[in-house]
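Working notes for the structure below.
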Amino acid sequence: MRPQSEETAWSRWGVAAGVLGMLSWVAGVAMIPLDAKLQSGAVHLAQVLREHAPQLYVAALLAVLGGVLLVAMFAVLVRLTPEGIAGCGLLRVALAGCVITQTLVATGAAAGLVAVHSAVADVAPELTALAWRGLWLSFLASAVPTLLFTVTGVLGLERARLSPRWVSILGWISAAAHVVVMFTVDQRGAFTPDGPAGALVPVTTVLWILALSATLPAQVRRRSRLVS
């Protein structure tokens, strides 16, 4: 086990990455216009993307930044759980799942940028809509690795004594919600890829990560006292 001062410092870095990452992601998603919907038709979608191009460029970059910082947080959790500590293997799997998830998020953000850039360049609206569809379907695909890193993260954090029970419950709620989002494949209604269900489910991850960030330093100190 590392000295408590070193673990405390790492936990603070993890908190900073988790909080800033979630704030960046929420800000990015909040900047997407509510009427930028696939079911509104390709022509209307292209017009909305063209009118809001500057904020959508920023939104994509903020979403990617949020993903990078979330990976950094999980890297810190792995750092806090070295070989020989209960939960170390599970947290390494969680980190791998998080990397896959955020790679898909970055891919989706790139597709979104293609859509916006195409709209500004007056490319055929159908092609613009196709790129925008790629954005949301990549998010849908990311539900699978998100489920992986959430489940293994919750179990690993509990075994490593880095998560109180109520935070773990939030993690389990998030995992269950991501099972639901795998079925957001309708063409119209709440369960379209860019519909309310797909937009709200990631909020459960945000709540879990923020709760974990709020409790991590105290859990690290408590674990150090128990070990010593």
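The values are calculated or read from the model by the stated rules, or taken from the named source; none is laboratory data. Here the structure is a predicted model, which means the values were calculated and not measured. For neighbour counting, all protein chains shown are included, and Cβ atoms are generated from backbone atoms with ideal geometry for every residue, glycine included. Surface areas here come from the heavy atoms of the whole protein model, side chains and all, with no ligands, DNA or RNA. Shrake-Rupley method; radii C 1.70, N 1.55, O 1.52, S 1.80 Å.
For the stretch 196-203, putting each phi into the Karplus relation 6.51 cos²θ - 1.76 cosθ + 1.60 with θ = phi - 60° gives couplings of x, 4, x, 7, 8, 4, x, 4 Hz, in residue order, rounded to whole numbers and with x for Gly and Pro.
Relative contact order, whole percent, for the stretch 1-136 stands at 30, derived from Cα pairs under 8 Å and 6 or more residues apart. Across the chain, Cα-Cα pairs farther apart than 21 Å form 55% of the total. Kirkwood hydrodynamic radius of the stretch 15-59, from the reciprocal of the average inverse Cα-Cα distance over all distinct pairs: 11.6 Å.
Please calculate how many Å² of accessible area the stretch 1-51 carries per residue, with a 1.4 Å probe and no DNA, RNA or ligand atoms counted.
52 Å²
Each residue of the stretch 21-27 is assigned a 3J(HN,Hα), and the resulting list reads x, 5, 5, 5, 5, 4, 4 Hz, derived from the Karplus form 6.51 cos²θ - 1.76 cosθ + 1.60 (θ = phi - 60°), x at Gly and Pro.
Think of the chain as a dipole: +1 on every Lys or Arg Cβ, -1 on every Asp or Glu Cβ, centred on the Cα centre; then among 94, 112, 56, 94 lies furthest on the positive end.
For the stretch 183-228, dividing the convex hull volume of the Cα atoms by the residue count gives 65 Å³ per residue.
I'd like the FRET efficiency for residue 207 and residue 44, computed as 1/(1 + (r/R0)^6) with the beta carbon distance as r and R0 of 35 Å, rounded to 0.05. Working from the Cβ atoms, E equals 0.60. In order along the stretch 204-210, phi translates into HN-Hα couplings of 5, 5, 4, 5, 5, 5, 5 Hz, rounded to whole numbers, per the Karplus curve 6.51 cos²θ - 1.76 cosθ + 1.60 with θ = phi - 60° and x for Gly and Pro. In this label model, residue 35 and residue 86 are separated by 5.6 nm, measuring between points 7 Å along each Cα→Cβ vector.
Could you work out the relative contact order of the chain? I mean the mean sequence separation of Cα pairs under 8 Å and 6+ apart, divided by the number of residues, in percent.
The value is 23 percent.
The gain in end-to-end length when the residue 166 to residue 182 segment is fully stretched comes to 3.2 nm, 0.36 nm per residue minus the alpha carbon separation.
Carbon and sulfur together cover what percent of the accessible area of the stretch 139-181 at a 1.4 Å probe radius? Present the calculation step by step, with values, prior to reporting the outcome.
Numbers: 1290 of 1770 Å².
Using a 1.4 Å probe with all protein chains present, the stretch 139-181 comes out at 73 percent carbon and sulfur.
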